[in-house]
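The block underneath contains the structure these notes are about, expressed in structure tokens.
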Amino acid sequence: MCCGGVLAVLAAVETSRRVAISGFRDVDDPAAAFAANLLGAMAGGVIEYVSLITGYRALLIVIAGLYGLALLTGRRHPGSGPAAAAPASSPGPATLESL
């Protein structure tokens, strides 16, 4: 029984890792993206602790506002990073530099 819970947690961690890696790979400035990710994690921690004081109903209002803000200010074209701008020609043989 406990193995199912462990597998569910590991699947969630693996999925978030893959999403984060693909997100950092598709941006022009990975350092800025990493900094934004860290700031978001710290802000999320602060919001979590504030929710212990204000209650979870107030947290839902804050989270809905943050999702709305992200919707308004987020990237409009997720495939617009440097990987999307690569030419569609054949890459040729693989070399150590290309790996």
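The values are calculated or read from the model by the stated rules, or taken from the named source; none is laboratory data. Because the structure is a prediction, the values reported are computed rather than measured. FYI the Cβ positions are ideal-geometry reconstructions off the backbone, even for glycines, and counts take in every protein chain you see.
Remarks
- Across the stretch 34-60, the number of residues qualifying as at positive phi and within 23 Å of the chain's Cα centre (by Cα) comes to 0.
- Identity of the residue in the stretch 51-76, over 24 Å from PHE24 (Cβ atoms) and of a type in the set (Ser, Thr, Tyr), that ends up modelled with the lowest pLDDT: TYR56
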